[in-house]
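**Student:** Quick one: this structure, given as C-alpha cells, is what I'll be asking you about.
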Amino acid sequence: MHKPNFIAAYLVDLHAKPEPLLLLLKRAPNTHLEGIWQIVTGKVEPDENVLKALKREVLEETGIEIHQAYNVNITLFYERTKDQIGYSANFFVKLDHKENITLAPKEHSEHLWCSFAKARELLAFSTQKETLLHLEEYYKDIKSNNASLLF
C-alpha cells in the first residue's frame, strides 16, 4: 500500500438552491499556478496521516474547521517540478456556502461558490473535472446516507 502524498477537498453545499454549490479558490498572483481556479489541495506532510492533512489544508486555505469528510476517489497526476507521479486522495466535505471564508492570502486571492457545471468550466485540471463528474453522482448517495463517513 502507498500513502497518498496529496489531498484534494471538494467543499460542497448540498442544500443551496436551486442546485448544490462547490467552493473554488483562485491562485494568488506570484504563486505556483498563478490565476487558476482550484479546489482545496495540499501535500500530506511526512509526519501526518491523510485525514490530518485534509483538516489542516482546509483550515489553512479557508479558515474553516471540518468535522466530516467522505472519500470520493484517488487520482494520479504528473508532478513536473519533481518529475514524478503524484497520488491524491480526494474527499467530499459538506459545507454551508454562507460560512465565512478566510483565504490564505499568500495562496489564494478569491473564492467563488458555483454550480458543478460552472466549476467544470473553471477548473484547470482534467483530473479535478473527472472527480467532479464522479462527485455529481456520488453526492446522491451521500444525501441518502449510503456513503461511508470517514470522521
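The values are calculated or read from the model by the stated rules, or taken from the named source; none is laboratory data. Here the structure is a predicted model, which means the values were calculated and not measured. All Cβ positions, even for glycine, are placed from backbone atoms using ideal geometry, and neighbour counts span all protein chains on display. Surface areas here come from the heavy atoms of the whole protein model, side chains and all, with no ligands, DNA or RNA. Shrake-Rupley method; radii C 1.70, N 1.55, O 1.52, S 1.80 Å.
**Student:** Among (1) at pLDDT 95 or above; (2) at positive phi, where does Asp83 come up short?
**Tutor:** (1)
**Student:** Being open to solvent by 20 Å² or more (accessible area, probe 1.4 Å), farther than 15 Å from Leu23 by Cα and touching a strand residue (DSSP E or B) at 6+ places or on another chain (Cβ under 6 Å) is the filter here, so list the residues in the stretch 88-131 that pass it.
**Tutor:** Thr127
**Student:** Exactly one of these conditions fails for Val72: (1) at pLDDT below 95; (2) in a strand (DSSP E or B); (3) farther than 17 Å from Val12 by Cβ. Give me its number.
**Tutor:** Failing condition for Val72: (3).
**Student:** Does Glu65 qualify as being modelled with pLDDT of 95 or more and surrounded by fewer than 20 Cβ atoms within 10 Å (Cβ to Cβ)?
**Tutor:** Considered against the rule, which asks whether it is modelled with pLDDT of 95 or more and surrounded by fewer than 20 Cβ atoms within 10 Å (Cβ to Cβ), Glu65 comes out as yes.
**Student:** Looking at (1) assigned to a loop (DSSP other than H, G, I, E, B); (2) more than 30 Å from Lys98 (Cβ to Cβ); (3) touching a residue at least 12 places away in the same chain (Cβ under 8 Å), which is the only condition Phe77 fails?
**Tutor:** Among (1) assigned to a loop (DSSP other than H, G, I, E, B); (2) more than 30 Å from Lys98 (Cβ to Cβ); (3) touching a residue at least 12 places away in the same chain (Cβ under 8 Å), Phe77 violates only (1).
**Student:** Does the stretch 124-151 hold any residues that are at pLDDT 60 or above, hydrophobic (A, V, I, L, M, F, W, C) and in a helix (DSSP H, G or I), and which are they?
**Tutor:** Residues satisfying the conditions are Leu132, Leu133, Leu135.
**Student:** On to the next question. Just to check your reading of the model, which residue among Leu54, Leu25, Leu33 is open to solvent by less than 10 Å² (accessible area, probe 1.4 Å) and closer than 19 Å to Ala124 by Cα? Explain how you work it out, then say what you get.
**Tutor:** On the way: Leu54 fails: closer than 19 Å to Ala124 by Cα; Leu33 fails: open to solvent by less than 10 Å² (accessible area, probe 1.4 Å).
Testing whether each residue is open to solvent by less than 10 Å² (accessible area, probe 1.4 Å) and closer than 19 Å to Ala124 by Cα leaves just Leu25.
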